[in-house]
Amino acid sequence: MLPDIENLLKLQDVDKEIRRLQDEVAELPKRVAAIEQKLAGTKAQLDKAQAGVKTDEAARRKYETNIKDLREKISKYRDQSLAVKTNDQYKALLHEIQFAEKDISENEDKILELMVNADARDKEVKAAQAELKEEAAEIENEKEQARQRTAEDQKLLAEAKGKRDQLRGGIREDLLRHYERVSKFRGSGIAEVRDHKCMGCQVILRPQTYNDVRSGTDVVFCDSCQRILFFDQKEELAAPKQTAHRPKRHHPKIDAPQAWYYRPEFAAAGEVFLCLTNASGQASRRVYDIHTGRLLGDILIREGNYREAFPEDITGSTRLNGNWSEEELDGFGAELPMVVLDSLHADLDAARLEAASGSHAKQAVTATPTEQAAS
Ligand SMILES: [Zn+2]
């Protein structure tokens, strides 16, 4: 792995840690504020309960004064009743006394009602007071913890920032700028390549880009997300374990009207994909560069079916899955579309894995990865 890439990976770890610490430091006062808000709510509840007690007390005093006034009135009426001359006057006073007594009774009922209420009010106040006390203790505790945690985080943050500066010093400047620009927009600036894919954006790489990343000789960027790409050899070694869970590879039919092959050596072109097609008693052959997908040379047409017409191309080649119509092939023109190229590469990888694991030895008759010329 390039030293710049190694340093970028370390830098990415440190950057992540710095972000985590900064988030935590920003989060702590919010937690304290949330408890403070709860505390204010409890305090308002207590105030309301206490105000209720005061209102009840004032009402009770008013009723007691009423009773006292009414009793004085009754006493006055009794004195007057001793001095009345007529029966009618006596009756009128008696009526007044009865009326005042009824009024007293009503006031007494209200006082009784308040006394019953007072118990509930008292409980309400005591509960709010207890809650307030508990929350006040909690907030003090929380504040103290936040203070300690913040101090610790600030210390770690200072260390991480020092480490970050040191790492930045060890990375090529243009690369560092690129990394930081992409990080700012995408949250990370460097991504691993696995299964031909950029793990940052999940897009399949062009074969050439993939090979460049694997060779590890120069820094390569993802065409799609611009992240700096790296390839971890250790991951690749660990990968075959996972292949056991892969779905079984679909095997191409031996007599299909179209057959795709991978050929490791093709004249001066090196690795190629061959597309052999039968149509109207003739066989055609197209040759594509496996890295660029470019059509190499002219389309060759011979009499008969492709097995008879191009035996030298089939022998020693790896048969691949793939079927596109003649119109589609013509539409591809001088270069295979990325999606076609990806699909052929994926199938080639699958065929190689299959051959390496020897898992389908039983089916060798109909679908050997490497074919023999038809007899
Ligand atoms: Zn990407």
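For the reader, a short list of remarks on this structure follows.
- Test result for Arg294, at negative phi and surrounded by fewer than 19 Cβ atoms within 10 Å (Cβ to Cβ): yes
- Of the numbered criteria (1) assigned to a helix (DSSP H, G or I); (2) within 14 Å of the ligand (Cβ to nearest atom), the one Gln226 fails is (1).
- Subset of segment 300-324 (residues that are open to solvent by less than 30 Å² (accessible area, probe 1.4 Å), without any contact (Cβ under 8 Å) to a residue 60 or more places away in the chain and assigned to a loop (DSSP other than H, G, I, E, B)): Gly304, Phe310, Ser317
- Residues of segment 204-229 that are open to solvent by 60 Å² or more (accessible area, probe 1.4 Å) and farther than 26 Å from Lys184 by Cβ: Gln208, Arg214, Ser215, Thr217.
- In segment 124-149, the residue that is surrounded by the most Cβ atoms within 10 Å (Cβ to Cβ) out of those that are among the small types (Gly, Ala, Ser) and in contact (Cβ under 8 Å) with a residue 12 or more places away in the chain is Ala128.
- Output for segment 271-291, where each listed residue is open to solvent by 20 Å² or more (accessible area, probe 1.4 Å) and over 16 Å from Leu348 (Cα atoms): Asn278, Ala279, Ser280, Gly281, Gln282, Arg285
- Pick from segment 325-354, criterion more than 39 Å from the chain's Cα centre (by Cα) and not in a helix (DSSP H, G or I), ranking: farthest from His291 (Cα to Cα): Ser325
- If the condition is being modelled with pLDDT of 85 or more and open to solvent by less than 50 Å² (accessible area, probe 1.4 Å), then segment 344-369 contributes Leu344, His345, Asp347, Leu348, Asp349, Ala350, Ala351.
- Qualifying residue in segment 193-204 (condition: within 16 Å of the ligand (Cβ to nearest atom), part of a helix (DSSP H, G or I) and out of contact with any His (no Cβ under 9 Å at 6 or more places or on another chain)): no
- Checking each residue in segment 233-270 for being among the polar types (S, T, N, Q), over 30 Å from Gly297 (Cβ atoms) and either surrounded by 13 or more Cβ atoms within 10 Å (Cβ to Cβ) or modelled with pLDDT of 70 or more (or both) picks out Gln233, Thr243.
- Any hit, segment 211-220, residues being at pLDDT 90 or above, in contact with a helix residue (DSSP H, G or I) (Cβ under 9 Å, 6 or more places away or on another chain), on the phi > 0 side of the Ramachandran plot and within 12 Å of the ligand (Cβ to nearest atom): no
- Check on Glu72, at pLDDT 95 or above and at negative phi: yes
- Residue in segment 181-203 that is surrounded by 12 or more Cβ atoms within 10 Å (Cβ to Cβ), in contact with a strand residue (DSSP E or B) (Cβ under 7 Å, 6 or more places away or on another chain) and at pLDDT below 90 present: no
- Residue match in segment 166-176 (condition: within 14 Å of the ligand (Cβ to nearest atom), free of Cβ contacts under 8 Å to residues at least 60 places away in the same chain and farther than 17 Å from Leu9 by Cβ): no
The values are calculated or read from the model by the stated rules, or taken from the named source; none is laboratory data. None of these values were measured; they are calculated from a predicted model. Positions of Cβ are backbone-derived with ideal geometry, glycine not excepted, and every protein chain shown enters the neighbour counts. Please note that ligands, DNA and RNA were not included when accessible areas were found on the heavy atoms of the full protein model with its side chains. Shrake-Rupley method; radii C 1.70, N 1.55, O 1.52, S 1.80 Å.
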